[in-house]
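Step one of this worksheet: look at the structure below.
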């Protein structure tokens with residue numbers, strides 16, 4: 001399974017949550033990370049007291065697990081427009097970064113791994129929403 005990670009899943013993995021570690025180790029054939037998630041993580045690292053440690057741990061994660069980064073390009077932007085239009089037409093709101101994360105997921109045909117229930121509103125992407 002091509003797994004696209006949400007920010008909260010990286011945090012869970014970094015903390016060693018067994019369900020996340022097992023799922024990534026056993027179920028994933030490829031792990032992808034939207035550039036938007038990287039931005040959210042770097043923001044969190046900057047706000048924290050262990051910026052350098054957290055950045056080094058993150059880079060080790062990306063390198064060791066051979067994580068592919070999903071960059072925002074024209075295809076992702078078009079997918080974002082589809083998702084945002086769907087949300088707007090249905091009067092549904094989710095955080096704007098999450099609409100971009102969904103667009104990244106949609107563009108690569110991956111399965112989003114997240115803990116955020118508001119992704120249930122999006123039928124355009126495959127997802128696993130952990131408790």
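Descriptive notes on the structure:
- Using alpha-carbon coordinates, inclination of helix 96-108 to the longest axis of the chain, degrees: 90
- Pairwise centroid distance, computed over Cα atoms, of segment 109-131 with segment 8-84, Å: 15
- Spin-label pair residue 82/residue 65, simplified geometry with 7 Å Cα→Cβ offset, distance in nm: 2.6
- Projected-area average for the chain over all orientations - Cα convex hull basis, square nanometres: 7.8
- Relative contact order computed over the chain (Cα-Cα under 8 Å; 6+ residues apart), in percent: 30
- Efficiency of FRET from Cβ geometry, residue 52 and residue 75, R₀ 30 Å, rounded to 0.05: 0.30
- Compared with the dominant Cα axis of the chain, that is its longest principal axis, helix 18-27 is turned about 70°.
- Estimated from helical segments only, the mean residue ellipticity of the chain at 222 nm is -17500 deg cm²/dmol, where each DSSP H run of four or more residues counts as -39500 (n - 2.57).
- The simple spin-label model puts a point 7 Å past each Cα toward its Cβ; for residue 90 and residue 26 those points are separated by 3.1 nm.
- Relative to the longest principal axis of the Cα atoms of the chain, the long axis of helix 51-64 lies at roughly 80 degrees.
- Extension gain, residue 129 to residue 8, is 42.5 nm, computed as 0.36 nm per intervening residue step minus the present C-alpha separation.
Just so you know, all these numbers are worked out from the coordinates, no wet-lab data involved. If you're wondering where the values come from, they're calculated on a predicted model, not measured in any experiment. Here Cβ is always computed from backbone atoms with ideal geometry, including for glycine, and neighbour counts include all displayed protein chains.
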